[in-house]
Every structure is written in C-alpha cells, then in structure tokens.
Ligand code: M6R
C-alpha cells in the first residue's frame, strides 16, 4: 500500500531517493518523507500530500547524507498530515514501513509507560522506539531488530537507519513485499521491482522474516531463525520494467493503448510455471473451480465464470477475497482454486490463497508481477504479460487477465471434452480477431472522439448506472468501478434484468444510464430494460456494435459503436469502451486520472 525505498551510496542520496519515490508514488500519495544519515546523525524531511510537496521542502532545506530511506504513504492509521508521514524516529532509529502493526495499541501503552512520548497517530511509530530498546553494544543490530520484531503482530516491510551506522540500511519483511537491488556503485531497497529496476542491475527478494544488512557493495542476510543465508540474485531485464508515459498525457491512456500488444504477448506466452514439483492441473479431474480476487480482478473472474460454464462445462464459484477468507467455506478434496491479481500482493487475495492451501486445494494464480507473493506461493502461475501497470485504475491488466482466463477455458474445454460447438463457432483465429478489433477500436480517431463526446453525458451527473447481461454484466460492473474511481461520480453496475427488482427506483429525469449490449442472443432483453429506464427519464448511452446501434436508433440518446465480434469475446472489446469513457470523463472533470484520491495501486493491507 505504501512505497518504501532506500539507498546506500558513496554519493549524495537525496536525488536517488526522490527518483525511487517517484517510481513508487502510485502505491500511495498521502504524504512522503526521507531520512538520511549525515556524519552519523539522523536527519529527516517530511511533507503531506504528493511527492512534489516533499521536493519543495527539500529544495528549501536540503538534506545531506549518502545513506537514506524514503517513504510514500497511503494512510491507514491517522490522517494524511505531516506528523503521520514516515519516516518515524526515536533518538537513534529511523523507520519507514509498509503494512500494518496489529498490536500497535498494546505496544504503545507499554512504551508510553516507560516514558516514550509519541508524536503521531500511526501504528508505525512504535517501531523505532521498540527497536531502540533492543539495540545494545553487544548484539549485532540486525539480530537485535529481529528479536524486537518478535513482539510485533501484523505485516511489514521495513527500512531502518541506525544512528552512527552510516554505511548501511537494515531491511526486513513479514507479509509485505521488499526487494534489495544492486549496481556497481550502490545498493537499494524497494517495495517493488519497478522502482528498483530503474537503477539496479541485479535484484534479490527477501523471504518472510529475513533481515538484511544492506551495504553499498554487499549484503548480509539472516533468515527467520537468525541463521546466515544467501538469497539468489536475478538480473534485471530493464526493458520489461520501463514505466514512462511515452508521450501520452496519462499512464492510464498509455496503458489503454498498450492493450493490443499486451494481449498478443500474453497469448503468445500462455504457459504456466511452478516453483514446486506439483503436476499441472487436469480440469477433467475437478468438479468445480473456485475463483477468488478483488476489484477489477474479481470482475475478470466473473467473466471467466460465464466462459468456463458455457465452454468447458465446469461449475465455477467466484468470491471476493475479503469475504472468502473469513467465510471458511467447505472445500472439496482435491478442489481447484484460481486466484487473480495484477499486483500479486493484494493482502486479502494472498490470505485466501493461504487458506485454500491449508485445505489442500490445487492453487492456480493469474498475476502480472513476477515473483510477487501470490506468484511465489501458488502451485501454478499464469502470467499476464502486459508490463508494469502504473495507473491506479486497472486497464491493460484486466484485458490481459481475460486473455489468460480465455486460454485456461480452452484448456479446460479440451480436457473435459466440452464446448466443441461454441469453439468451432469461434474458429481458430479468435485471439487474432480480438487483437485486431481491439487495435482498430483504439486506432480509429473518429471512434475515440465519439467516446470522448459521449463522456459529456456525465457532465452534470452525480450518479450513473451501468447495465449489462451475460458476459457483459461484469463489464457493466467494471465500467461503473472505473467511472467512480477516477471521476468520483457515484456509479453502480447492475445485471440489466435485475433493475426492476429495486434499482429502477433510482432513475429520475436526466440520469445517465450506460447500456453495454452487443447484438447477441440477449440483446432484445437488454433493449426492453433500456426502454424501461428511458421511459422513466433516463438519458441512455448505448454501447453496442453496428447492428445493435441500428436496431436501437430510436431508443437511445447517444451511441458508441464498437467493432463486431463473437459474443463470447465481447468482454475484450467492450472493456475498451468503458475504460475510455471513464478516462475522458475524469479528464473533462479535471481529476487526477493516474492517482485518484484515497486510492493506491496495490492493497497490501486488509
Ligand atoms: O492487484 P490486484 O489485481 O489484486 O488488485 C485488485 C484491486 O485492488 C484492483 O483491481 C482495483 O480494484 C483497481 N483499482 C481497479 O481499477
């Protein structure tokens, strides 16, 4: 949720720290801060709000030092103000933290009783004080910190500076990601590979409760038992982690346009990897599949349910990870579970995976970030090869997830000898058809301008409804999520047929209703629902294909015409429409498209 970064150098650290923070800002942007060691002493600058505010503070009051830690925050405990910004300090320890300390209140009480005076409302502030209590001349500081952290419950990735120890950062993690990177001159710590890869040539991933003493030219790592260990270094593929806007106004727009290539790469590279020796899943041997995910990834799972059931004759349950993990559902022997996550670090999805594993389920995952926790802990991993997604609103990751899921559905259909009719209707070139239609939708200036104009439907709106049926029902949900997260318009997605069971009461004069409806076997039913809302004063925007738009020319107020594609594949193409619609709405409203308020890219807390 937050981003942490650190550097140990033979040169000034501040510029590198700010660069690292800028690559991590998508993880949180409520406040930012940096601490360095200068002539053995700790020094610190912090500012509320975006990184630019911290840059201004540092410009006015420069920060010396060659070793430093930095943080960009997504607030959990306490308001996003300067006092709550990281790093947090005791007299001789500075800490940056990503995660949540669950027993912070208890620790705070004990520390307060011993005379500690707290300056923030954060859970993190207990850490520098707790660690300070364990440091002594006799014990290696890393092992003292490890002992201190045995008192801590919760999840964390930490970067720690100790007064007087100018040549090192101590780094550790439990339940939150952290990498250590190196080049010929410096060492880094970072919450993710994207931030480190701009600077490091090699990277290693810390394991749970590892504690690392990171110096410019070497690293010493103790495992959870305090034994010295080595962790494998991997070479960074710089091209894979390029994260720039490449001339687009926003990352989101760039990522929307990357979808044809992302789909191509994902399908070309469709294969699974496994870190353990478990045999690959045979869908013929399972009776049902449990899919678990959050947010947009959950909607990808919902699309997959329609596909698996129709094409592979396989029963699928789809659950939100935050519900699934506590519901403790009974799980069949040798059941199959599929976890979908762009980041591979979403705390609820990871916890759900661990729960399923404790029930001896066969655990597959679909992830975008290689070596993420979900990727490492699954039995089999399928990668979406869409490259880093920086915009907080997920776009190319969603369609790439659909691409992997479609591949899995075809595998399941073959193994279960199902779906022959529909697969032959789709033909051998279905993936190529999707890519060419998505490309033509994005390359066609006239079409894009039509979507930009259509976005005016939300001009004075405070609320909107998205409707869809069948495989386009999840796209309606996704359209509503996209709109609310970047333009802050209240929007809800409904299965079109469900509208009359309550939500239709919301419709009043001029309310925008977006209907996602390719001309398919359910089209006429959606048109009835469209007429029901229009009769009650709604302003209807129909997203359909040529035939659908023609059939409804008298029933809708505005149209977005998308290329025609087999109905099974429609989610790919209609995703593009709802993404662009949300994008242009947010731009027209002057909102911060890539860093919407209150959100962060990767949700590593419950
Ligand atoms: O990294 P994940 O796919 O596990 O993330 C899940 C959700 O947090 C994510 O999809 C979120 O809903 C996006 N902001 C949606 O655009």
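The values are calculated or read from the model by the stated rules, or taken from the named source; none is laboratory data. Since we're looking at a predicted model, the values are computed, not measured. Here the Cβ is made from the backbone with ideal geometry for all residues, glycine too, and neighbour counts use every protein chain on show.
Details
- The set of residues from region 532-550 being farther than 21 Å from residue 470 by Cα and assigned to a strand (DSSP E or B) comprises just one member, 539.
- Residues in region 182-198 that are within 18 Å of residue 168 (Cα to Cα) and either without any contact (Cβ under 8 Å) to a residue 12 or more places away in the chain or buried (at least 17 other Cβ atoms within 10 Å of the Cβ) (or both): 8 in all.
- Where helices (runs of 4 or more DSSP H) sit wholly within region 169-270, those with at least 1 residues that are under 29 Å from residue 128 (Cβ atoms) occupy 193-197.
- Selected residue (only one of 337, 386 is assigned to a loop (DSSP other than H, G, I, E, B), more than 11 Å from the ligand (Cβ to nearest atom) and buried (at least 22 other Cβ atoms within 10 Å of the Cβ)): 386
- Selection from region 551-572 of residues that are at pLDDT 95 or above, part of a helix (DSSP H, G or I) and surrounded by fewer than 24 Cβ atoms within 10 Å (Cβ to Cβ): 568, 569
- Residues of region 585-601 classified as touching a residue at least 24 places away in the same chain (Cβ under 8 Å) and away from the ligand (no atom under 16 Å from the Cβ), total: 3
- Selection from region 351-380 of residues that are in contact with a helix residue (DSSP H, G or I) (Cβ under 6 Å, 6 or more places away or on another chain), away from the ligand (no atom under 14 Å from the Cβ) and more than 19 Å from residue 606 (Cβ to Cβ): 363
- Scan of region 310-330 for residues that are assigned to a helix (DSSP H, G or I) and touching a residue at least 12 places away in the same chain (Cβ under 8 Å), ordered by number: 310, 311, 312, 321, 322, 324, 325
- Within region 136-153, restricting attention to residues that are touching a strand residue (DSSP E or B) at 6+ places or on another chain (Cβ under 9 Å) and buried (at least 17 other Cβ atoms within 10 Å of the Cβ), the residue that is farthest from residue 227 (Cα to Cα) is 152.
- The number of residues in region 141-176 that are in contact with a helix residue (DSSP H, G or I) (Cβ under 6 Å, 6 or more places away or on another chain) and closer than 20 Å to residue 86 by Cα comes to 4.
- The requirement of being in a helix (DSSP H, G or I), surrounded by 18 or more Cβ atoms within 10 Å (Cβ to Cβ), in contact with a helix residue (DSSP H, G or I) (Cβ under 8 Å, 6 or more places away or on another chain) and at pLDDT 95 or above is not satisfied by residue 466.
- Look at (1) more than 28 Å from residue 336 (Cα to Cα); (2) buried (at least 23 other Cβ atoms within 10 Å of the Cβ); (3) more than 16 Å from the ligand (Cβ to nearest atom) and you find that residue 456 fails only one, number (2).
- Failed criterion for residue 403 (all others in (1) within 16 Å of the ligand (Cβ to nearest atom); (2) part of a loop (DSSP other than H, G, I, E, B); (3) at pLDDT 95 or above hold): (2)
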